[in-house]
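Notes follow the structure.
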Amino acid sequence: MQKRPPGELTPADTEKQGGIMDEESLQTDGSGRSFIPAELQPPHSKYSQWKFKLFRVRSMEKAPLPGETQTEQGALLGLPPPAAPDVELGCNVGPGSVMKLCLGGKSKENVEGPGQRVDMKLQEMDTHMTHLRGLCRLCGLVLRKVKGPVHEVHGALDEVSRGALRKMGCKFTSWPEVIQKVFKVEVTDDTESVHPLSFCHRCWMAAIRGGGVCSFSRTRVPEWKPHSSLCHLCSPRKASFQRTGKKRRKTIPRAQSLAKKTKGEHGESIAVGERRALRPFGDRHHSPALRGWRKSSLQREQWMRNITRCQKDHLSTKLISDKLPVDFVFSFTCLVCDHLLSDPVQSPCGHLFCRGCIIKYNHVLGPHCPGCNLPCAADDLSPPAKAFLSALHSLPLLCPQGECGEQVRLDSFKAHCLDHELGRHQGSRQPAELDGYLLANKGGRPRQHLLSLTRRAQKHRLKDLKNQVRLFADKEEGGDLKSVCLTLFLLALRSGNEHRQADELEAMMQGRGFGLHPAVCLAIRVNTFLSCSQYHKMYRTVKATSGRQIFQPLHTLRAAEKELLPGFHQFEWQPALKNVSASCNVGIINGLSGFASSVDDSPADTITRRFRYDVALVSALKDLEEDIMEGLRDSGMEDSACTSGFNVMIKECCDGMGDVSEKHGGGPVVPEKAVRFSFTVMSVSILADDGKEEVAIFTEPKPNSELSCKPLCLTFVDESDHETLTAVLGPIIAERKAMKESRLILSIGGLLRSFRFHFRGTGYDEKMVREMEGLEASGSSYICTLCDSSRAEASQNMVLHSITRSHDENLERYEIWRTNPFSESAEELRDRVKGVSAKPFMETQPTLDALHCDIGNATEFYKIFQDEIGEVFQKANPSREERRSWRAALDKQLRKKMKLKPVMRMNGNYARRLMTLEAVEAVCELVPSEERREALRELMRLYLQMKPVWRSTCPAKECPDQLCRYSFNSQHFADLLSSTFKYRYNGKITNYLHKTLAHVPEIIERDGSIGAWASEGNESANKLFRRFRKMNARQSKAYELEDVLKHHWLYTSKYLQKFMEAHKDSAKALQATIDPVETQDDEDASLELNDF
């Protein structure tokens, strides 16, 4: 049997209808379906009732149907309009045609009415927005399930968040900027109907831990979508069905029951337009359906008020003074907000709205007309006719001021209210809701838009404005016309709520862009020791995978390097430096300039690269510019008054790095040993207002760190090669001597300021001091570089010595050694000059190097332990085999008890572990005599009380008790060495033990500290040389040395360190963000991210 379409009538059905019309009188559509004309269709036919009972179709409120305008005759009679002739049946039956079939040829709009369908849509949107207000914008969690306060997405940073981010180098002031950097999400275009407006405290912690620039969490930001019929917020899936695997029963919603009407009711309703149904006057018996309609209309008004938010901008219809007809007033009312039309626009279907209201309405509920549900996009809107606008502007409004009571036209209503505000009329200020309403009616021929003019016409029109802006820029901003114009444009974008374009402009003005700052990329490259090829590979990979240029290309990094390397800033010396060029743009230079002519015209077997000393100091001071200005503010000094009297203390270090041989690199055959000369800015001070006392405005917090030790010169040379070392460091000494006699003029904080430099060469070990001061090697009988004592004199009197040597005295003694004016023998001449055998070429500060002192004393205690194990005090001359066995027993015991592995050469880490009471107890287990054990314990106890005095940065604050008892402890220590351990110190003593016992109190009294002036920072940088050399493997050793010097300087930059400070706890922050403390209800609190 052939299956008929559901809407086709059979012959039997035709006969049931009385056979009134034959086939010719029936109208037929394109699909062959015939139906009775709407004019002859009774209000409730048996056919439509039977069809409605047969098909129970779910309601279509969530999917708006295109409305069909009623004909004038049908509207007056209350009859449904004829069906659309383009309805197709079959497999592609649309929802509109299905509803027409189910309702007996009627459309859903005619049954329910467009107002009721819009109200249901608004109710759904209100419920959807209520759900959104309880969720986190970034992670999707329910806010009430997460502990901690709730933060606004579009709000400004509070004091706590701003302070935490400011410490990490982040200068953002609002949360949208932080969220864009941390979570890579643009939130400035969020709308309340689609996106939540708050985020939870857990996401706040992730943003703070990332320093405002990156994220260590695995937070996956959901993709928020507009409300639809399949919205998972309004109809979420039940987790129980997903866990157990039960099949969810698909419930069929009941069809919306239609209100039954009596026969007398069909003629009572009068259709006015398509929006309101007015009952005849005098009928005061309202049905329950009418009371429900009134309640829903109030709810609809509240929903519309939440969407448009135009109560303060648009005028109410209650201000109309005359009693005009209701239909006439309704024609000037916005169908969205029920206010008087403001900037009216007309839809293609002929309805009128406020421009702002219809745009917000379409954005929330979709592009359709609120009156008839026809498609209505923003591009389809057009201004109404001029006749209508003139009628609108001529509406008489009553002034809301109580004492005024004047009738004012709508187009002059704003000016009238402003007159009240300015005092031209009596009365108080107008209400706040009238401030934003302004109608512009200039009249005449409209002027061309500014952008449509030629460039010459644009200049002519903006001539006066340009002159005013230029005068303002010259007067207030130092002539920076570009910044003033960009700031005006930025403010205009912000006022127009075009925040995305404003953020792009602000990022361009601040040099940030959408990717990382070039300085951040440079800090990442330097601190992770990435070569050029490795960084470029990372840059291309991230760009290809993310589709964004997060990292900057190499050429931008090289541009950022120029500002941080020496040779970029301008400066001046007064008076000019002697024998030093006045050029400021000097970068890395060859350290052998003029070397061949100074040493017998023979080429040097070395490669050296260095910065000019004065240029490097200028770059170091500019790197500390923020710290210097902050110190001035903290000390309460006037910034503009502090332009002179600055004193800068410089610590100099020079040390050999040992064997640095590598397989790569070509060039001349040079020694595989290297020497580095570096300096550290220890402090910057300024004379107080009285001119008598110096106030420290900057003090290096970590003077012994490799991050504060800036390299000045790198050379491939053996540190024992006196001639080559003298020639390489000679120009540095000449520049330093010239800078002592001059002062530097440099711009700091926008003002020219003068600086004087004071140099202290304290970061040298024993070997380097003897090399620079022209003394004999450390095995000489003149054991001290501070006094003239011989080894025998120092062993007899271990404590009572004073500092007598100086650089000038060593020069005089060298002249005596060179000329021998008294014609003495070699021994007599050597005794006269006290061990000076070469010309001193660099002035050093007579002090003690704390690091090497600790290592030298640990070496001596290591030998004392061996002697006590073998009881050398009872044996005269032990054999070499016995000493080896004692050493093996000591190493085995230390490995067993202290986990100390034997080393070929004593180092700082081994020395710190060895010089402890725990190590002495382990050694005492191998010492047979109890008396000797007590002597060892006492010796170590005294040493540990003396050690903090020369190791601490400021002993007067850190260890005042040990400082006061140092002389007593040193005397007791010397008594033990000369009595109990006399077998080892009979007529001899080591260099560092002599300095420890005899010269520490005098140095502390003179300099205030020994540990702060040590060479530990320079020693720690030895490993950096090897890492940077591997990072910059080049074919030529000369270029390789330049790269190492450049990247080592960038590694010590305070500017780059501030960017990396935010990542110092990266591993801990990453772990805390990945595994946060979960609450009990987290399983119920989280939404399914896949559903978004």
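The values are calculated or read from the model by the stated rules, or taken from the named source; none is laboratory data. In this text the structure is predicted, and so the values were computed from the model without any measurement. No Cβ is skipped: glycine too gets one built from the backbone with ideal geometry, and neighbour counts run over all protein chains shown. Surface accessibility is based on the protein's heavy atoms, side chains included, excluding ligands, DNA and RNA. Shrake-Rupley method; radii C 1.70, N 1.55, O 1.52, S 1.80 Å.
Leaving out ligands, DNA and RNA, what percent of the accessible area of the stretch 129-209 is carbon and sulfur, probe 1.4 Å?
57 percent
In whole angstrom, how far apart do the alpha carbon centroids of the stretch 146-192 and the stretch 347-369 sit?
34 Å
Work out, step by step, the length gained on full extension between Q346 and R913: first 0.36 nm times the residue separation, then minus their alpha carbon distance; give nm to one decimal.
195.5 nm
How big is the dipole moment of the stretch 129-209 about its Cα centre under a simple scheme where the beta carbon of each Lys and Arg is +1, that of each Asp and Glu is -1, and everything else is neutral? Debye, nearest 20, please.
Computed about the Cα centre, the dipole is about 500 debye.
For an R0 of 45 angstrom, estimate the FRET efficiency from the Cβ-Cβ distance between K323 and Q123 and round to the nearest 0.05.
With R0 = 45 Å, the Cβ-Cβ based efficiency is 0.85.
Do the alpha carbons of any pairs in K562/K1030; K702/K740; K1023/K1046 sit beyond 19 Å of each other, and which pairs?
K562/K1030; K702/K740
Pairs of lysines 8 or more apart, or on different chains, with alpha carbons under 29 Å: count those in the stretch 809-909, would you?
Number of lysine pairs found: 12.
Please report the spacing between the Cα centers of the stretch 810-882 and the stretch 392-408 in Å, no decimals.
106 Å
Quickly work out the L230-to-R756 label distance, labels modelled 7 Å from Cα along the C-beta direction, and quote it in nm with one decimal.
My value for the distance between the label points is 8.1 nm.
R0 = 60 Å: FRET efficiency of F388 with R548, Cβ-based, nearest 0.05?
Once the sixth-power term is evaluated, E becomes 0.75.
Find the accessible area per residue for the stretch 518-561; the probe is 1.4 Å, ligands and nucleic acids are left out, and the unit is Å².
With the other protein chains kept in place, the stretch 518-561 gives 49 Å² per residue.
With every protein chain in place, what's the accessible area of E403 (1.4 Å probe, Å², nearest 10)?
Spelled out: E403, probe radius 1.4 Å, area about 140 Å².
Give the residue from L714, I745, N797 lying farthest towards the positive end of the charge dipole for the stretch 707-833; charges sit on Cβ (+1 for Lys and Arg, -1 for Asp and Glu) and the dipole is referred to the Cα centre.
Farthest towards the positive pole: I745.
Can you list which of the GluC sites (Glu not before Pro) found in the stretch 817-853 are DSSP loop residues with at most 16 other C-beta atoms within 10 Å?
When the GluC sites (Glu not before Pro) of the stretch 817-853 are filtered for loop state and at most 16 Cβ neighbours within 10 Å, E824 remain.
On full extension of the chain, what length is gained from V695 through E882, given 0.36 nm per residue of separation minus the C-alpha to C-alpha distance?
Residue separation times 0.36 nm, minus the Cα-Cα distance, leaves 61.3 nm.
Given a 1.4 Å probe, how much area per residue of the stretch 313-403 is accessible, in Å²?
Per residue, the stretch 313-403 has 46 Å² of solvent-accessible surface.
Using the Cα centre of the stretch 313-428 as the reference point, and only Cβ charges (+1 on K/R, -1 on D/E), how large is the resulting charge dipole? Debye, rounded to the nearest 20.
In debye, rounded to 20, the stretch 313-428 gives about 80.
Compute the distance from the alpha-carbon center of the stretch 896-916 to that of the stretch 988-1064, in whole Å.
22 Å
How about the stretch 139-234: which trypsin sites (Lys or Arg not before Pro) there are in a DSSP loop, with at most 14 other Cβ atoms within 10 Å of their Cβ?
Sparse-neighbourhood loop trypsin sites (Lys or Arg not before Pro): K147, K171, K184, R218, R220.
Just to be sure I understand the model, the point goes 7 Å from the Cα along the line to the Cβ. What's the resulting A156 to E931 distance in nm?
Roughly 8.1 nm, to one decimal.
Could you check the spin-label model distance between R218 and T130? Points 7 Å from the Cα along Cα→Cβ, value in nm.
3.6 nm
Full extension from K1058 to Q448: what is 0.36 nm times the residue separation minus their Cα-Cα distance, to one decimal in nm?
Difference between extended and current length: 214.4 nm.
Counting other Cβ atoms within 10 Å of each Cβ, which chymotrypsin sites (Phe, Trp or Tyr not before Pro) in the stretch 189-223 have at most 12 and sit in a DSSP loop?
none
With every protein chain left in place, what is the accessible area per residue of the stretch 457-510 in square angstrom, probe 1.4 Å?
Counting only protein heavy atoms, the per-residue value for the stretch 457-510 is 76 Å².
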